[in-house]
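The values are calculated or read from the model by the stated rules, or taken from the named source; none is laboratory data. A quick note: this is a predicted structure, and the numbers were derived from the prediction, not measured. When we count neighbours, we look across all protein chains shown, and the Cβ atoms used for this are built from the backbone with ideal geometry, even at glycine. Ligands, DNA and RNA are stripped out before the accessible areas are found, and what is left, the full protein with its side chains, is counted by its heavy atoms. Shrake-Rupley method; radii C 1.70, N 1.55, O 1.52, S 1.80 Å.
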Amino acid sequence: QVYRSLGLNRSEIDAYFTGPAFLAWNRMGNLRGWAGPLPPAWHIKQLYLQYRIVERMRSLGMITVLPAFAGHVPQGVLRVFPRVNATRLGGWSHFNCTYSCTYLLDPEDPMFQVIGTLFLKELIKEFGTDHVYSADTFNEMTPLSSDPAYLSRVSNAVFRSMTGADPEALWLMQGWLFQHQPDFWQPAQVRALLHGVPLGRIIVLDLFAESKPVYQWTESFYGQPFIWCMLHNFGGNHGLFGTVEAINHGPFAARSFPNSTMVGTGLVPEGIEQNDMVYELMNELGWRQEPLDLPSWVTRYAERRYGAPNAAAASAWRLLLRSVYNCTGVCVNHNRSPLVRRPSLRMDTELWYNASDVYEAWRLLLSAGTELGSSPTFRYDLVDVTRQAAQQLVSDYYLSIRRAFQSHALPELLTAGGVLVYDLLPELDSLLSSHGLFLLGRWLESARAVATSDQEAEQYELNARNQVTLWGPSGNILDYANKQLGGLVLDYYGVRWSLFVSALVESLNSGSPFHQDQFNQAVFQVERGFVYNKKRYPAVPAGDTLEISRKLFLKYYP
């Protein structure tokens, strides 16, 4: 509405917004246009959804945060206001200027205040306000200058565009940029950016505090209040993971830090619906005076989760607590398992825990099946732990495949490759397909359900498929948001592995070397083919989870 009122035409706006699956990166100036344009119906449905969200939050006493103007603009602004001072930013991640290199309006240009204040006034008119606004001008984007005076002027301009619409404005800012580009954001630069706003009027989210806290090297954000946040998950990946010790002690250490300005705790995962226990734990810590005794906490957690005490389930959880959930040091949770990555001869199979703990937890959970089998949370966890065990097994078969290939042992290669492609992956797929929350069909159908026409449904489905696979037109951030879903394991990961094993067999048979570059070109056709295959996947589960897990166990338990 604001861009139209300023004189931009429809096509200029369409060229700017990304498709629904990539809007978060559009808002931070990383991407433009990719998987778009947004249909008119999308805007209307989002508006009504926002009414409902805001109303619900306020009815629960929650404080809403509205998005403010961060300075990124469509190219059309330059046509309407040819004298405006805007700079083209560089490409983001592995995207070139086709879908990246957005324009940033110079915060000192008078138009910055005009657009910023106009936008906020419209928002407030539509939704009311609780006086907190978010804006991220330099998220993974390098500012034009590292001059502290310039950085202070930038943050001051962003803040002024908020107070122009709401004199009581508080700015909520992600602190990701400081730890993401530490070479640029030296103490002087951080201080300058934060001190461009009056003390107390900006709240910084210390976004990845469990692994890379920023408050410690910025004297507690130089006096600005901050929230200690657990990021935990990138890309909504499946995979058991947690940093329980850092979570259990981190918030208390931050509270007792000299001149601490910490005002709360937060959860900021990129994707939820995985590792429930970690979120349960973090939510509880916000109400505690001191760290918990984790083994006894997790024993009670198992009982609460399944609705009944069970010795085997409690033992399983204590094993998971000390293994997968106990990553220490600087942990970044991006599932790197060969299962969900493009096959090559140089894959990462390192684990931060003892694999046998997961196999034993699997055995214990299965043994609790007769008592707890009717609990939906138990069935979910059984799928998740079996899935983790299968993920570990994939790494073992991969290592056998690689060894066999490197020692020119064709029979061993055929055996290990055959078991992986024709048995283990199909069994994992049928396990996942037995539970509603692990279905590709559910992911795709929920995207289609937002549509108001067949054409929209196709576009939304492509957005949903691309996000979990190629993440961009050409695999720009390939498998960043990998998921382990029934349908995806068979038709995407499984097909890739099949192609890889065939290429290695062909290489040994013909005596010609395996070329990763050639394989990458061939496998890209498979990956892209999956995004566009239009196959419909079931959105209802099939098969008995306990039975399938038991069958996998009897075959594969080491």
Quiz item: If we keep just the residues of the stretch 482-497 that are out of contact with any Pro (no Cβ under 8 Å at 6 or more places or on another chain) and surrounded by fewer than 21 Cβ atoms within 10 Å (Cβ to Cβ), which is nearest to residue 19 (Cα to Cα)?
Solution: 491
Quiz prompt | Scope the stretch 275-301; condition assigned to a loop (DSSP other than H, G, I, E, B) and buried (at least 19 other Cβ atoms within 10 Å of the Cβ); matching residues | solution = 275
Quiz item: Could we say that residue 286 is in contact with a strand residue (DSSP E or B) (Cβ under 8 Å, 6 or more places away or on another chain) and farther than 14 Å from residue 242 by Cβ here?
Solution: yes
Quiz item: Do you know which residues across the stretch 1-44 are assigned to a helix (DSSP H, G or I), surrounded by fewer than 14 Cβ atoms within 10 Å (Cβ to Cβ) and not aliphatic (A, V, I, L, M)?
Solution: 4, 5, 10, 11, 40, 43
Exercise. Check residue 345 against each of (1) open to solvent by 10 Å² or more (accessible area, probe 1.4 Å); (2) within 18 Å of the chain's Cα centre (by Cα) and name the one condition it does not meet.
Key: (2)
Quiz item: Name the pairs: first residue in the stretch 490-503 and of a type in the set (D, E, K, R), second residue open to solvent by 10 Å² or more (accessible area, probe 1.4 Å), Cβ to Cβ under 7 Å, at least 6 apart or on different chains?
Solution: 496/342; 496/526
Exercise. For residue 527, state whether it is among the acidic types (Asp, Glu), touching a Gly at 6+ places or on another chain (Cβ under 8 Å) and part of a helix (DSSP H, G or I).
Key: yes
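With respect to residue 209, determine if the residue is of a type in the set (A, V, I, L, M), surrounded by fewer than 22 Cβ atoms within 10 Å (Cβ to Cβ) and either in a loop (DSSP other than H, G, I, E, B) or without any contact (Cβ under 8 Å) to a residue 60 or more places away in the chain (or both). Quick ask: steps written out before the conclusion?
Details: of a type in the set (A, V, I, L, M): yes; surrounded by fewer than 22 Cβ atoms within 10 Å (Cβ to Cβ): no; either in a loop (DSSP other than H, G, I, E, B) or without any contact (Cβ under 8 Å) to a residue 60 or more places away in the chain (or both): yes.
Here the answer is no, as residue 209 does not meet what is asked.
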Self-check item: Only one of 144, 105, 151 that is open to solvent by less than 10 Å² (accessible area, probe 1.4 Å) and either polar (S, T, N, Q) or in contact with a strand residue (DSSP E or B) (Cβ under 7 Å, 6 or more places away or on another chain) (or both)
Solution: 105
Practice problem: For residues that are open to solvent by less than 40 Å² (accessible area, probe 1.4 Å) and in contact (Cβ under 8 Å) with a residue 12 or more places away in the chain, tally how many sit in the stretch 402-417. | Solution: 5
Quiz item: If only one of 452, 469 is within 20 Å of the chain's Cα centre (by Cα) and of a type outside the set (A, V, I, L, M, F, W, C), which one is it?
Solution: 469
Quiz item: Restricting attention to the stretch 302-338, which residues are in contact with a Leu (Cβ under 8 Å, 6 or more places away or on another chain) and open to solvent by less than 30 Å² (accessible area, probe 1.4 Å)?
Solution: 306, 310, 312, 313, 316, 319, 320, 321, 324, 325
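Yes/no per residue for (1) touching a residue at least 24 places away in the same chain (Cβ under 8 Å); (2) part of a loop (DSSP other than H, G, I, E, B); (3) surrounded by 22 or more Cβ atoms within 10 Å (Cβ to Cβ):
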site	(1), (2), (3)
100	yes, yes, yes
117	yes, no, no
124	yes, no, no
133	yes, no, yes
138	yes, yes, yes
168	yes, yes, no
173	yes, no, yes
185	no, yes, yes
196	yes, yes, yes
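Based on this model, can you work out whether residue 52 counts as open to solvent by 20 Å² or more (accessible area, probe 1.4 Å), among the charged types (D, E, K, R) and assigned to a loop (DSSP other than H, G, I, E, B)?
Working: open to solvent by 20 Å² or more (accessible area, probe 1.4 Å): yes; among the charged types (D, E, K, R): yes; assigned to a loop (DSSP other than H, G, I, E, B): no.
Here the answer is no, as residue 52 does not meet what is asked.
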Quiz item: Can you find even one residue in the stretch 527-538 that is out of contact with any Ser or Thr (no Cβ under 7 Å at 6 or more places or on another chain), at pLDDT 95 or above, of a type in the set (A, V, I, L, M, F, W, C) and open to solvent by less than 60 Å² (accessible area, probe 1.4 Å)?
Solution: no
Quiz prompt | Every residue from the stretch 225-274 that is within 22 Å of the chain's Cα centre (by Cα), assigned to a helix (DSSP H, G or I) and without any contact (Cβ under 8 Å) to a residue 40 or more places away in the chain | solution = 247
Quiz item: Any residue at all in the stretch 62-77 that is small (Gly, Ala, Ser), more than 25 Å from residue 156 (Cβ to Cβ) and open to solvent by less than 20 Å² (accessible area, probe 1.4 Å)?
Solution: yes
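Can you confirm whether residue 90 is more than 21 Å from residue 173 (Cβ to Cβ), open to solvent by less than 60 Å² (accessible area, probe 1.4 Å) and at pLDDT below 95? Step through it out loud before you land on a result.
Details: more than 21 Å from residue 173 (Cβ to Cβ): yes; open to solvent by less than 60 Å² (accessible area, probe 1.4 Å): yes; at pLDDT below 95: yes.
Answer is yes for this residue.
Among 503, 522, 542, which is the only one that is open to solvent by 10 Å² or more (accessible area, probe 1.4 Å), closer than 30 Å to residue 97 by Cα, more than 20 Å from the chain's Cα centre (by Cα) and of a type in the set (Gly, Ala, Ser)? Please lay out each step first, then the result.
Working: 503 fails: closer than 30 Å to residue 97 by Cα; 542 fails: closer than 30 Å to residue 97 by Cα.
Only one candidate passes the filter, namely 522.
Which residue out of 473, 376, 426 is in contact with a Gly (Cβ under 8 Å, 6 or more places away or on another chain), surrounded by fewer than 17 Cβ atoms within 10 Å (Cβ to Cβ) and either more than 22 Å from residue 552 (Cα to Cα) or not small (Gly, Ala, Ser) (or both)?
Details: 473 fails: in contact with a Gly (Cβ under 8 Å, 6 or more places away or on another chain); 376 fails: in contact with a Gly (Cβ under 8 Å, 6 or more places away or on another chain).
Only one candidate qualifies: 426.
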